[in-house]
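Just below is one structure, and these are the notes that go with it.
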Amino acid sequence: MRLVLLGPPGAGKGTQSARLVEKLGIPQLSTGDMLRAAVAAGTPIGLKAKAIMDAGQLVPDAVVIGIIDQRIDAPDCANGFILDGFPRTVAQAEALRELLARKGIGLDAVVELVVDDTKLVERIEARSRDFGGRRPVRADDNPESFKTRLDAYRQQTAPVSAHYAQKGELKQVDGMLPIDDVTAAIDKTLGH
Ligand code: ADP
């Protein structure tokens, strides 16, 4: 199964992806994780992406499109994959459609976790309070960058769900439910 998981930062995409990985036996492809790995390894892409990511802005479309295009060719993606954090702009969604078509494949489902904005800000503020002044686990997990990430989401990523909705491909799930209920709703949407 080839799946796209959409939803704002803090919506629980990571948690739900991990469960889908277990259940479906396909890899989760998180552009955020791949970019963080590039930063940690100090590759040219990582060096370019670090400041942009720390500020909570989006790295250029061409960079993430290139990463995904290559990654999908790996043998572990032969039976499918879960895209998490990609596509994040309409241009990325269009590029994804083209690159999959070029490989002779397509998406099976696009699932959006729908959550309340106010709740997201509360979640991230609670998370940064929990750090108690210690260094956050992620450089962009502080209230300032989080607000920028949420703005980037509203301006650049919200149109992605509209794009898939227009094509009749979008399935929405209530992301405000307890974790297990969100999992059950996703399963139902995917027909499991
Ligand atoms: P979250 O969903 O928690 O905001 P991610 O781990 O998905 O975080 O992404 C972290 C950062 O990596 C983003 O704020 C952005 O800078 C960059 N990034 C990840 N995926 C993309 C993408 N598809 N396009 C552009 N930038 C991306």
Query - Matching option when the condition is hydrophobic (A, V, I, L, M, F, W, C), open to solvent by less than 10 Å² (accessible area, probe 1.4 Å), within 11 Å of the ligand (Cβ to nearest atom) and not in a helix (DSSP H, G or I), among Leu150, Leu96, Leu83 - result: Leu83
Query raised in the report: Within segment 158-182, how many residues turn out to be under 16 Å from Val115 (Cα atoms) and open to solvent by 20 Å² or more (accessible area, probe 1.4 Å)?
Result: 13
Query raised in the report: Quick check: anything in segment 60-77 assigned to a helix (DSSP H, G or I) and closer than 17 Å to Arg149 by Cα?
Result: yes
Report summary line: Sole miss for Ala51 among (1) of a type in the set (A, V, I, L, M, F, W, C); (2) open to solvent by 70 Å² or more (accessible area, probe 1.4 Å); (3) over 30 Å from Glu125 (Cα atoms); (4) within 14 Å of the ligand (Cβ to nearest atom) is condition (3)
Query raised in the report: If you scan segment 153-177, which residues turn out to be farther than 16 Å from Gly10 by Cβ and either aromatic (Phe, Trp, Tyr) or outside any helix (DSSP H, G or I) (or both)?
Result: Tyr164, Lys167, Gly168, Glu169, Leu170, Lys171, Gln172
Requested in this report: From (1) surrounded by fewer than 18 Cβ atoms within 10 Å (Cβ to Cβ); (2) among the charged types (D, E, K, R); (3) more than 23 Å from Glu94 (Cα to Cα), pick out the condition that doesn't hold for Arg71.
Outcome: (3)
Report summary line: Counted residues in segment 19-31 being in contact with a strand residue (DSSP E or B) (Cβ under 7 Å, 6 or more places away or on another chain) and farther than 19 Å from Leu96 by Cα come to 2
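Quick grid of which residues meet (1) β-branched (Val, Ile, Thr); (2) more than 23 Å from Tyr153 (Cβ to Cβ); (3) free of Cβ contacts under 8 Å to residues at least 60 places away in the same chain:
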| site | (1), (2), (3) |
| --- | --- |
| Ile65 | yes, no, yes |
| Arg71 | no, no, yes |
| Ala74 | no, yes, yes |
| Ile82 | yes, no, no |
| Pro87 | no, no, no |
| Ala91 | no, no, yes |
| Glu98 | no, yes, yes |
| Leu107 | no, no, no |
| Val111 | yes, no, no |
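The values are calculated or read from the model by the stated rules, or taken from the named source; none is laboratory data. Just so we're clear, the structure is a prediction, and the values are computed from it rather than from any experiment. Cβ atoms come from the backbone with ideal geometry, glycine included; neighbour counts cover every protein chain shown. SASA here: full protein model, heavy atoms, side chains in, ligands and nucleic acids out. Shrake-Rupley method; radii C 1.70, N 1.55, O 1.52, S 1.80 Å.
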